[in-house]
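The structure appears right after this line, and notes come after that.
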Protein chains: 2
Amino acid sequence: MFCGPFSSYEEFLKELERFHGKKAPGGVLALHMVALAREHLPEGILVDVICETRKCLADAIQLLTPCTVGNHWMKIVDTGRFAAVFYDKQTGEGVRISLSMERLKECRAVNEWFLKLVPKKDQDLEAILDGINRAGGRLFDVCPVEVAPGLLEVRPKVPPVICPVCGEAYPPYHGPVCRGCQGVTESYYRELTVSGTKK
Amino acid sequence: MFCGPFSSYEEFLKELERFHGKKAPGGVLALHMVALAREHLPEGILVDVICETRKCLADAIQLLTPCTVGNHWMKIVDTGRFAAVFYDKQTGEGVRISLSMERLKECRAVNEWFLKLVPKKDQDLEAILDGINRAGGRLFDVCPVEVAPGLLEVRPKVPPVICPVCGEAYPPYHGPVCRGCQGVTESYYRELTVSGTKK
């Protein structure tokens, strides 16, 4: 059984719990998704991933592959679907693997968990994980895809520049001031004075 | 020395290299950033993080704290700055910690690395890491902040619905069809026929 860089399935589960915070069934689904991707891609290529959700799948992909958000080998395009594209970073060709709603119906415990048909307190985690591991790759649809050429572009590593507004460093290709000071990112905090009152 | 969940600094470096792909100096900077956040926040609270870059800092925060992209305890607001907000997930109060360009100047090897003043092949990784570890928390500015109230809202866990267009499951609050089929996410792939020609 494929376990990524872990010595056993149990080791993977332990690390999933430590990293993600719980033994999420979605993480175990991801194990089979990544195994399936490996079967469909040629050996010896460098693979990047686009994950379509910010949930457990994203964490499991980071654990099971060399791809993380911080090394840019995994990107998230949040369509909210349990799906990911695994592709050759040179050619852009690869496979999109998505959870099949049809196939899910054949695994009662897994279906009830995924579609939240049973309250969490009444779910049997072991039965769900067993169901996932018995069905494995059969739970997924696999579609050959080619990613958009823009995703293959490697941005040159250029020195950061200092933002004239906030005085912090940022990548020069973001513009004449940093994206935070441009206001193009979500405004997500406000400063408090030292006494805790609002500025 | 604070090492997050790792037994030693060396263990952290090893895990950083495995997870992120290299012993990135930014990961070691993150170690001191997280240690500083702990000093400024009360004990016993649940802390969420907003990371302002998709680079090594994001990976190191995922390794050093319980917060990951997949468990939603770490969010990324990509201003491109080496900064993060660590906040009490109940009250929204916390600290924004950012790399100080002024303080950086006092550490030659670190400054030359961060501002890419020296070609990578001429950089001395050990000197950079030593410089970071000697300066530690002094490299950062700390600002008390309050995060936007919207970030504290906990979305109810509702059953997914099936998208009438693609047939995949997605969160109902995304709209009547999934975000992929709405076209609100980046269009990042196209399907290939089995023979490899484009549809």
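The residues on offer are B:Leu125, B:Leu129, B:Leu117, B:Leu104, and the sole one that is of a type in the set (A, V, I, L, M), touching a helix residue (DSSP H, G or I) at 6+ places or on another chain (Cβ under 9 Å) and farther than 27 Å from B:Arg38 by Cβ is B:Leu117.
Total residues in segment A:1-56 satisfying the condition of being among the hydrophobic types (A, V, I, L, M, F, W, C), closer than 29 Å to A:Glu93 by Cα and in contact with a Cys (Cβ under 6 Å, 6 or more places away or on another chain): the figure is 2. With respect to the stated conditions, B:Pro119 is modelled with pLDDT under 95, within 27 Å of A:Arg179 (Cα to Cα) and surrounded by fewer than 18 Cβ atoms within 10 Å (Cβ to Cβ). Does A:Glu17 meet the test of being more than 9 Å from chain B (Cβ to nearest Cβ), of a type outside the set (Lys, Arg) and either on the phi < 0 side of the Ramachandran plot or over 12 Å from the mean Cα position of the chain (by Cα) (or both)? Yes, satisfied.
Criterion applied to B:Gly44, B:Gly80, B:Gly4, B:Gly27 was being in contact with a Ser or Thr (Cβ under 9 Å, 6 or more places away or on another chain), without any contact (Cβ under 8 Å) to a residue 40 or more places away in the chain and not aromatic (Phe, Trp, Tyr), and the one residue passing it is B:Gly80. In segment A:144-162, the residue that is nearest to B:Ala148 (Cα to Cα) out of those that are more than 8 Å from chain B (Cβ to nearest Cβ) and part of a loop (DSSP other than H, G, I, E, B) is A:Arg155. Surrounded by fewer than 23 Cβ atoms within 10 Å (Cβ to Cβ), of a type outside the set (A, V, I, L, M) and within 8 Å of another protein chain (Cβ to nearest Cβ): does that describe A:Pro42? No, not satisfied.
When segment A:14-24 is filtered for residues that are crowded, with 17+ Cβ neighbours inside 10 Å and free of Cβ contacts under 8 Å to residues at least 24 places away in the same chain, only A:Gly21 remains.
If you go through segment A:65-87 and keep only what is aliphatic (A, V, I, L, M) and either surrounded by fewer than 24 Cβ atoms within 10 Å (Cβ to Cβ) or not assigned by TED's automatic domain parsing to the domain that holds A:Gly136 (or both), you end up with A:Met74, A:Ile76, A:Val77.
The residues of segment A:74-92 that are over 19 Å from A:His20 (Cα atoms) and more than 7 Å from chain B (Cβ to nearest Cβ), listed by number, are A:Phe86, A:Tyr87, A:Asp88, A:Lys89, A:Gln90, A:Thr91, A:Gly92.
Against the numbered list (1) assigned to a loop (DSSP other than H, G, I, E, B); (2) touching an Asp or Glu at 6+ places or on another chain (Cβ under 6 Å), A:Ser98 comes up short only at (1). Of all residues in segment A:104-111, at least one satisfies being of a type outside the set (D, E, K, R), surrounded by 13 or more Cβ atoms within 10 Å (Cβ to Cβ) and at the interface with chain B (Cβ under 10 Å from one of its Cβ atoms). Among the residues of segment A:32-53, at least one is within 17 Å of the chain's Cα centre (by Cα), under 20 Å from A:Leu115 (Cβ atoms) and part of a loop (DSSP other than H, G, I, E, B). When restricted to residues that are surrounded by fewer than 16 Cβ atoms within 10 Å (Cβ to Cβ) and of a type in the set (A, V, I, L, M, F, W, C), segment B:133-142 contains 0.
One residue stands out in segment B:187-199 among those that are closer than 14 Å to A:Arg96 by Cβ and within 8 Å of another protein chain (Cβ to nearest Cβ): the one that is modelled with the lowest pLDDT, namely B:Val194. Looking across segment B:55-71 at every residue that is farther than 16 Å from B:Ser98 by Cβ and touching a residue at least 12 places away in the same chain (Cβ under 8 Å), the one that is nearest to the other protein chains (Cβ to nearest Cβ) is identified as B:Asp59. Of the residues making up segment A:101-143, those that are among the charged types (D, E, K, R), assigned to a helix (DSSP H, G or I) and in contact (Cβ under 8 Å) with a residue 24 or more places away in the chain are A:Arg103, A:Arg134, A:Arg138. Among the residues of segment A:164-181, those that are within 9 Å of chain B (Cβ to nearest Cβ) and more than 15 Å from B:Thr53 (Cα to Cα) comprise A:Cys166, A:Gly167.
The values are calculated or read from the model by the stated rules, or taken from the named source; none is laboratory data. Quantities reported herein were computed from a predicted structural model and do not represent experimental measurements. When we count neighbours, we look across all protein chains shown, and the Cβ atoms used for this are built from the backbone with ideal geometry, even at glycine.
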